[in-house]
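Report on the following structure.
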Amino acid sequence: MSSPTGSDATTPGREPERIHAVPVRYPGRWVAAAVVAVIAAMAVHGLITNPRFAWPTVGKYLFATPVLQGVLWTLALTVGSMVIAVVLAVLLAVMRGSDNPVTRAVSWFYIWVFRGTPIYTQLVFWGLISVLYPKISLGVPFGPEWLSFTTKDLVTAFRGALLGLALNEAAYLAEIVRAGLQSVDRGQHEAARALGMKEGTILRRVVLPQAMRVIVPPTGNETISMLKTTSLVLAVPFTLDLNYATSAVGNRIFQPVPLLIVAAFWYLLVTSVLMVGQYYLERYYGRGFDVHKVNAGPQGPRRGRAARQAAINAAHTTPEPTPLDEMGGGLHNPGGVQ
Amino acid sequence: MSTTTDATVPMVELRGVHKWFGDAHVLRGIDLVVPKGTVCVVLGPSGSGKSTALRCINQLEEIGAGRVILNGELMGYREGVRGGRPTLYRLHPKAIAHQRAEVGMVFQRFNLFPHMTALGNVVEAQVQVLRRGKDEARSRAVDMLRRVGLDDRMEHYPAQLSGGQQQRVAIARALAMDPELMLFDEPTSALDPELVGEVLAVMRDLAASGMTMIVVTHEIGFAREVADQVVFMADGVVVEQGTPDEVLGSPREARTRDFLSRVL
Ligand SMILES: Nc1ncnc2c1ncn2[C@@H]1O[C@H](COP(=O)(O)OP(=O)(O)OP(=O)(O)O)[C@@H](O)[C@H]1O
Ligand SMILES: [Mg+2]
């Protein structure tokens with residue numbers, strides 16, 4: 001130490017003199033806190049006392065049957081489409097990284113199309129599928145048919161909505177999964193191969209579980225984003241989801257604003273529940289990584305965090321603005337956005 | 001399987017093995033015979049192809065020419081006849097994975113599975129590859145971890161272990177597969193000096209138990225003490241090979257002398 005009195009303090013047998021300095025005061029912080037608190041209080045007060053928000057109406061419809069059913073349909077669409085999308089995304093990501101140029105190209109093309117066109121357009125398309133392809137049949141390609149369905153019966157409004165959301169989402173998730181797979185150290189694959197594991201086993205038992213650590217956080221964001229994207233399914237048209245149900249009630253009683261608040265309340269609540277789920281998922285897949293380090297090995301936590309960040313950045317998890325974003329999730333009929 | 005317990009058949013034999021990475025000719029005709037129950041130490045400067053040679057033995061790399069024969073069995077190929085001529089048929093990846101399971105490998109950077117505990121690391125391939133039952137795999141894993149002195153660290157994740165402990169788990173993981181041959185690629189190079197000894201001690205015990213081993217290392221002391229055969233490689237060829245006394249004590253080749261003078 002270069003301090004002239006430093007050697008004094010470390011002389012053995014003498015208790016070093018502790019520093020009890022007066023801390024620096026930051027009056028600016030207190031002023032800022034006070035200003036923000038007053039503004040927040042004014043906003044809350046205005047929200048509660050403004051009769052135009054019609055809080056009694058909000059209370060009346062918060063737990064109304066069509067609203068609760070809307071919540072369930074929205075949840076079903078969100079969870080269902082995300083599950084399908086994750087499975088499809090893993091498939092696309094593996095195809096994208098395979099040695100086979102045909103599967104690589106197909107995967108690239110899929111992602112290009114589904115990421116490059118608006119979700120609204122895609123949903124309208126799935127709604128029209130029964131007009132475009134009145135009959136779907138199973139059989140030998142270009143040959144005899146074994147089974148055939150009327151498309152209208154096979155692709156109901158709900159299935160069309162589910163399919164439309166899932167196929168679009170898979171394109172985004174595929175990039176996230178790919179970035180996750182790439183973030184796993186090559187040595188892991190090598191070690192597993194040296195133990196005699198087959199490629200499928202390596203993916204399932206060694207690479208994917210580690211990639212999940214990188215995949216889960218952006219996928220959580222995607223799920224929350226999907227929750228709100230479900231409000232676009234009236235393009236199919238599917239008309240039972242939370243957004244449509246509340247807007248229908250609002251239009252019927254000529255009070256759109258309180259029903260808007262009802263919808264916002266439920267979207268917020270479900271988002272909060274999803275965030276809790278995401279926390280536990282992240283903790284599960286972070287096991288073995290976030291533990292206390294006894295000795296920083298070559299696979300230290302820094303590397304993990306850097307890799308995660310890189311993967312998130314590479315995954316382009318913030319999609320281009322959909323019509324939803326421009327409408328602010330409002331009650332107005334988005335039919336005009338087509 | 002054409003594998004045999006005949007002690008006169010070498011555990012592993014490389015005949016004129018070549019390896020190209022694109023245009024880079026990395027292995028230029030490697031001949032090597034490692035008899036059963038012996039330890040072969042491979043020395044050589046960086047980039048001489050030591051790791052590549054090891055990786056060719058367990059088919060992590062596909063060789064460009066020559067033969068790799070493990071305990072009498074050709075690695076990676078099947079001999080057949082096509083149009084009246086003897087021809088090699090490449091084995092299906094599953095069959096190669098099967099052959100690979102007979103060879104244990106320990107890496108410089110440990111490569112433990114970070115999302116599994118020490119015990120999980122040792123159990124995994126037994127269940128997935130050898131199809132052992134959970135209980136059998138577990139008790140075997142416990143035995144192996146005890147053998148490397150880590151039975152008190154079984155529930156630790158790799159990140160909670162020191163480098164030396166991680167490397168010992170990696171050795172236990174390979175041993176649990178009952179390999180015929182163990183390959184070590186600079187197993188102590190990534191370790192702090194004070195941790196090298198514990199890993200070398202495990203390897204010494206393993207050699208004494210009769211395991212056939214090929215060890216790439218710069219630990220000359222270990223080579224002198226444990227090796228039956230020392231191989232010096234440079235630029236993708238075997239420059240010199242013999243007993244530790246011959247190669248380390250009185251090297252014939254100038255390149256060997258030059259290398260030894262720098263690492264000793
Ligand atoms: N996958 C690869 N693609 C291209 N070249 C490679 C590859 N792996 C190794 N090489 C090259 O092959 C040569 C031999 O590499 P190898 O890793 O076998 O050397 P080594 O003797 O193990 O060296 P070190 O002591 O540094 O580990 C090097 O020139 C290296 O650049
Ligand atoms: Mg090497």
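The values are calculated or read from the model by the stated rules, or taken from the named source; none is laboratory data. Keep in mind that what you see is a predicted model, and the values were worked out from it rather than measured. In this analysis, Cβ positions are derived from the backbone assuming ideal geometry, glycine residues included, and neighbour counts consider all displayed protein chains. The protein model used for the area step is the full one, side chains on, heavy atoms only, and it has no ligands, DNA or RNA in it. Shrake-Rupley method; radii C 1.70, N 1.55, O 1.52, S 1.80 Å.
Largest accessible area first, the listed residues A:R52, B:R173, B:R168 line up as A:R52, B:R168, B:R173 when surface is computed with a 1.4 Å probe on the assembled protein chains.
When only the Cβ of Lys, Arg, Asp and Glu is charged (+1, +1, -1, -1), the dipole of chain B relative to its Cα centre reaches about 840 debye.
In a simple Cβ point-charge model (Lys, Arg +1; Asp, Glu -1; nothing else charged), segment B:86-169 has a dipole of about 300 debye relative to its Cα centre.
On the protein heavy atoms, probe 1.4 angstrom, tell me the percent of accessible surface of segment A:54-293 carried by carbon and sulfur. Summing carbon and sulfur atoms, their accessible area is 69 percent of the total for segment A:54-293. Pairwise Cα separations in segment B:50-193 fall into 5 Å bins from 0 onward with the following percentages, short to long: 2, 10, 17, 19, 17, 13, 9, 6, 3, 2, 1, 0, 0. Taking every protein chain into account, the 1.4 Å probe leaves A:T103 with about 40 Å² of accessible area, to the nearest ten.
When chain B is treated as a Gaussian network with alpha carbon springs shorter than 10 Å, the biggest mean-square fluctuation among B:A201, B:A118, B:A137 belongs to B:A201. Karplus-derived 3J(HN,Hα) values for segment B:155-164, using 6.51 cos²θ - 1.76 cosθ + 1.60 with θ = phi - 60°, are 8, 7, 7, x, 5, 9, 10, 6, x, x Hz; glycine and proline are entered as x. Once C-alpha pairs closer than 8 Å and six or more residues apart are averaged by separation and normalised to the residue number of segment B:40-111, the relative contact order reads 20 percent.
Measuring how big segment A:54-293 is from its alpha-carbon positions, Rg and Dmax come out at 21.4, 69 Å.
Computed with a 1.4 Å probe over protein heavy atoms only, the accessible area of A:S225 comes to about 40 Å². Between beta-carbons, use under 12 Å as the cut-off and find the net charge around B:Y89, counting Lys and Arg +1, Asp and Glu -1. Around B:Y89, the charge tally is +2.
Three principal axis extents of segment A:10-51 based on alpha-carbon atoms, in descending order, are 74, 16, 9 Å. Charged neighbours of B:Q165, selected by a Cβ distance under 11 Å, balance to 0 (K, R count +1; D, E count -1). Dimensions of segment A:120-259 from C-alpha coordinates, computed as largest minus smallest value along each principal axis and given longest first, are 67, 52, 19 Å. Shown in residue order for segment A:269-279 are the 3J(HN,Hα) couplings computed by the Karplus curve 6.51 cos²θ - 1.76 cosθ + 1.60 at θ = phi - 60°: 4, 5, 4, 4, 4, 4, 5, 5, x, 4, 4 Hz (x for Gly and Pro). Using unit Cβ charges (K, R positive; D, E negative) and no other charged atoms, how large, in debye to the nearest 20, is the dipole of segment A:54-293 about its Cα centre? Computed about the Cα centre, the dipole is about 240 debye. The value of relative contact order for chain B, using C-alpha pairs under 8 Å at least six residues apart, is 25 percent. With all protein chains in place and ligands, DNA and RNA left out, the 1.4 Å accessible area ranks B:S250, B:S51 as B:S250, B:S51, largest first. When the residues A:K228, B:K94, B:K50 are ordered by accessible surface, computed with a 1.4 Å probe over the protein chains alone, the sequence from largest down reads B:K94, A:K228, B:K50. Remark: the protein assembly as shown projects, on average over all directions, an area of 44.5 nm² (convex hull of Cα atoms).
Under 5 Å between amide hydrogens, built in the peptide plane, is the criterion, and for B:A65 it picks out B:H18 among residues at least 5 positions away or on other chains. Counting only DSSP H runs of at least 4 residues, each contributing -39500 (n - 2.57), and dividing by the residue count of the protein assembly as shown, the helix-based mean residue ellipticity at 222 nm comes to -16500 deg cm²/dmol. Accessible area per residue for segment A:54-293, computed on protein heavy atoms with a 1.4 Å probe, is 49 Å². Exposure check, 1.4 Å probe, all protein chains in place: B:F107 carries approximately 20 Å² of accessible surface. Compute the separation of the alpha-carbon centres of segment A:148-164 and segment B:84-120 and state it in Å as a whole number. Cα centres, segment A:148-164 to segment B:84-120: 46 Å.
Between A:G220, A:T117, A:L163, the Cα set farthest toward the positive side of the dipole of segment A:54-293 (charges on each charged residue's Cβ, about the Cα centre) is that of A:G220.
Per-residue 3J(HN,Hα) values for segment A:56-70, derived from phi via the Karplus relation 6.51 cos²θ - 1.76 cosθ + 1.60 with θ = phi - 60°, read x, 5, 4, x, 5, 9, 4, 10, 5, 4, x, 5, 4, 5, x Hz in sequence order (x marks Gly and Pro). Rg of the Cα atoms in chain B, relative to 2.2 N^0.38 Å, amounts to 1.02. For the chain pair A and B, the buried solvent-accessible surface (1.4 Å probe, both sides summed) amounts to about 2700 Å². Placing unit charges on the Cβ atoms of the charged side chains and taking the dipole of the protein assembly as shown about its Cα centre, the candidate lying farthest along the positive direction among A:G80, B:G242, B:V148 is A:G80. Taking every protein chain into account, the accessible area of segment B:146-222 amounts to 33 square angstrom per residue (probe 1.4 Å). Relative contact order for segment A:1-160: 8 percent, from Cα pairs under 8 Å spaced at least 6 residues apart, divided by residue count.
Cα-based values for segment B:1-119, radius of gyration first and Dmax second, are 15.8, 54 Å.
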